[in-house]
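Working notes, structure below.
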Amino acid sequence: MAVSPMAIAMRPSSGLSFPTGRSNWPLGCGRRRRSAAVVASVSGVRTRIQRLIEEDGIVLTPGCYDALSATIIQKSGFRAGFISGYALSASLIGKPDFGLLTPPEMAETARSVCAASPLIPIIADADTGGGNALNVQRTVKDLIAAGVAGCFLEDQAWPKKCGHMRGKQVIPAEEHAVKIASARDAIGDADFFLVARTDARAISVNSGLSDAIARANLYMEAGADACFVEAPRDDDELREIGRRTNGFRVCNMIEGGITPLHTPQELQEMGFHLIVHPLTTLYASARGLIDILRDLKEAGTTRGQLHKLATFEEFNKLIELDSWFDLEARYSKTRKFRSQVKN
């Protein structure tokens with residue numbers, strides 16, 4: 001069972017309120033429109049993600065891991081969401097991001113996530129694509145069929161690990177470039193944003209960043225729409241990535257990770273276009289569950305902790321229960337249809 005965010009602490013006076021307009025949200029969610037330079041898509045298709053970047057200059061994208069977290073992201077006014085492999089591995093199978101999650105499990109979750117948040121594009125973490133260039137084609141096609149608007153495809157050797165963990169290895173750059181080209185062929189003219197990720201920064205203390213930047217640019221030549229150099233260690237490295245890589249640039253903001261946290265505006269000034277917070281919702285949900293379950297175990301009741309929970313009414317409003325009652329009433333009425341069928 002996926003970790004539910006319903007135990008996140010909330011003040012009872014505010015309830016489950018969501019912003020009523022995009023103007024309530026920071027840069028990247030529509031408040032300030034500073035257009036990015038138009039980067040031509042390899043396929044010639046201007047994808048939904050590309051259009052968002054061109055409209056807003058930078059797009060702030062929270063991570064989700066199930067239909068409920070995706071619903072909350074959409075209702076909160078964000079313009080895109082991201083399904084994190086780390087988060088899904090934890091919520092779906094209760095395991096770390098250690099190469100244990102499979103592409104079909106990601107695709108199946110993506111289907112429910114996209115159905116629950118139809119108003120925003122969802123990007124999925126395809127990890128290494130499930131194997132070689134042929135496996136990549138199947139993985140990408142499965143994600144497109146699930147309704148996903150884009151994916152990350154990384155160059156780690158199997159078994160892969162979270163980008164901010166130790167012990168990572170990468171495959172030869174040319175091998176991953178072939179996988180990127182294979183993914184591009186699988187995409188065809190679909191509305192699908194391909195992000196090429198490299199984990200090469202962590203491999204060498206001396207040449208890791210330069211190698212990672214060279215890889216990112218090679219992957220862009222192979223057919224990616226954007227590049228993502230994982231786990232830069234400081235602001236100087238972020239700026240260098242922003243200066244030396246081509247096309248749209250992606251940055252990962254992980255609480256407690258290697259890369260320093262920044263606002264979208266700060267990252268935009270460094271040259272980035274798509275900012276992902278893959279684990280914020282997962283960590284908030286886990287903290288909420290840990291706290292409320294500790295209280296329940298100690299007290300045997302939640303009577304004194306109701307301020308930490310969504311109310312019954314608030315949660316039912318979140319999942320739009322009233323609309324289902326309306327449908328039930330509509331189809332429960334006697335309808336007059338002429339039929340020749342004898343009962």
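The table below lists the values:
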| quantity | calculated |
| --- | --- |
| So ALA329, is it surrounded by 13 or more Cβ atoms within 10 Å (Cβ to Cβ) and either part of a helix (DSSP H, G or I) or over 18 Å from the mean Cα position of the chain (by Cα) (or both) | no |
| Test: ASP225 is modelled with pLDDT under 95 and touching a strand residue (DSSP E or B) at 6+ places or on another chain (Cβ under 6 Å) | no |
| Where a residue in the stretch 92-106 is surrounded by 14 or more Cβ atoms within 10 Å (Cβ to Cβ) and its partner, wherever it lies, is of a type in the set (Lys, Arg) and part of a loop (DSSP other than H, G, I, E, B), with Cβ under 6 Å and at least six apart | PHE98/LYS161; GLY99/LYS160 |
| SER43 being modelled with pLDDT of 95 or more and polar (S, T, N, Q) | no |
| Residue match in the stretch 257-268 (condition: at pLDDT below 95 and closer than 27 Å to ALA224 by Cβ) | yes |
| Criterion: of a type in the set (Gly, Ala, Ser), more than 19 Å from the chain's Cα centre (by Cα) and surrounded by fewer than 18 Cβ atoms within 10 Å (Cβ to Cβ) - qualifying residue of ALA214, ALA186 | ALA214 |
| Positions within the stretch 45-85 being among the hydroxyl-bearing types (Ser, Thr, Tyr), surrounded by fewer than 24 Cβ atoms within 10 Å (Cβ to Cβ) and in contact with a helix residue (DSSP H, G or I) (Cβ under 8 Å, 6 or more places away or on another chain), in sequence order | THR71 |
| Residue ranges of strands (runs of 3 or more DSSP E) in the stretch 54-155 with at least 3 members more than 22 Å from LEU261 (Cα to Cα) | 150-154 |
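The values are calculated or read from the model by the stated rules, or taken from the named source; none is laboratory data. This structure is a prediction, so every number in the text was calculated from the model and none was measured. Heads up, the Cβs are rebuilt from the backbone with ideal geometry, glycines too, and the neighbour counts pull from every protein chain shown.
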